[in-house]
Amino acid sequence: MSRFKRICVFCGSQEGNKPVFAQNAIAVGKLLGQRGIGLVYGGGKVGLMGHVANAALVSGAEVMGVIPEKLMSKEVAHQGLTEMFVVESMHARKAMMAHLSGAFMALPGAWGTMEEMFEVLTWTQLRYHTKPIGMLNVDGYYDPLLTFADHAVECGFLLPQHRQLLVADTDPVALLDRLEAVEIPADTRWIDKV
């Protein structure tokens, strides 16, 4: 039995140019269904978003989409979900996805995917919530970003304990297992000089 009722997946509304991206999105959707975990995501039926949602639905998972009204046509809203929430803004979208989810997973994507992932990661750092955040590093897609995170630690802008808040793996099963085991450390003073 999973510790999570639902996991929010951030991912691209494009498929990318390698089949491995879609294959992993499908694997994540299936895995959530197999483990009895619901999916919360951005509500689109295209790109990796569509793949993860369709795979989760076929595997019997509850799938909740959250989409801003402005993006209903742009992201081609999925019509076959368990539930679709149409909200007023991107801010409302992220707040609702976070409210509905017990953890977060980022698959490959672009600005929106990274912005969503960084926001919930910051919320964990600041203890607005204590939900684990994972990154599925498909085919080395996020290698430069993970290198940057380590660089931020080396340069003194990111504390090592805050770097550890982002869990990364190349395998969906291993990543989900690691998220299940994550324990967010107690709140610590994170600004040395006030």
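The values are calculated or read from the model by the stated rules, or taken from the named source; none is laboratory data. Keep in mind the model is a prediction, meaning the values are calculated, not measured. So basically every Cβ, Gly included, is an ideal-geometry build from the backbone, and we count neighbours across all protein chains shown.
The table below lists the values:
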{"quantity": "Residue under evaluation MET49, criteria (1) out of contact with any Phe, Trp or Tyr (no Cβ under 7 Å at 6 or more places or on another chain); (2) within 24 Å of TRP111 (Cα to Cα), criterion not met", "calculated": "(1)"}
{"quantity": "Test result for PHE21, surrounded by 22 or more Cβ atoms within 10 Å (Cβ to Cβ) and out of contact with any Pro (no Cβ under 9 Å at 6 or more places or on another chain)", "calculated": "no"}
{"quantity": "All positions within the range 151-166 that are surrounded by fewer than 17 Cβ atoms within 10 Å (Cβ to Cβ) and within 21 Å of the chain's Cα centre (by Cα)", "calculated": "GLN161, ARG163, GLN164"}
{"quantity": "Residues of the range 91-113 that turn out to be crowded, with 16+ Cβ neighbours inside 10 Å and closer than 17 Å to SER13 by Cβ, as a count", "calculated": "10"}
{"quantity": "Residues (more than 22 Å from LYS74 (Cβ to Cβ) and either in contact with a strand residue (DSSP E or B) (Cβ under 9 Å, 6 or more places away or on another chain) or not small (Gly, Ala, Ser) (or both)) located in the range 30-54", "calculated": "LYS30, LEU31, LEU32, GLY33, GLN34, ARG35, ILE37, GLY38"}
{"quantity": "Selection from the range 72-85 of residues that are surrounded by fewer than 19 Cβ atoms within 10 Å (Cβ to Cβ) and either within 9 Å of GLY44 (Cβ to Cβ) or β-branched (Val, Ile, Thr) (or both)", "calculated": "LYS74, VAL76, THR82"}
{"quantity": "Residue within the range 58-72 that is out of contact with any strand residue (DSSP E or B) (no Cβ under 7 Å at 6 or more places or on another chain), in contact (Cβ under 8 Å) with a residue 40 or more places away in the chain and closer than 26 Å to LYS18 by Cα present", "calculated": "no"}
{"quantity": "Of residues in the range 10-25 being in a helix (DSSP H, G or I) and without any contact (Cβ under 8 Å) to a residue 24 or more places away in the chain, the one farthest from ALA98 (Cα to Cα)", "calculated": "PRO19"}
{"quantity": "Number of positions in the range 130-150 that are loosely packed, with under 15 Cβ neighbours inside 10 Å and within 16 Å of PHE104 (Cα to Cα)", "calculated": "1"}
{"quantity": "Test result for LYS5, among the basic types (Lys, Arg) and either more than 20 Å from THR124 (Cα to Cα) or crowded, with 19+ Cβ neighbours inside 10 Å (or both)", "calculated": "no"}
{"quantity": "Residue within the range 53-74 that is at pLDDT 95 or above, assigned to a helix (DSSP H, G or I), small (Gly, Ala, Ser) and out of contact with any His (no Cβ under 7 Å at 6 or more places or on another chain) present", "calculated": "yes"}
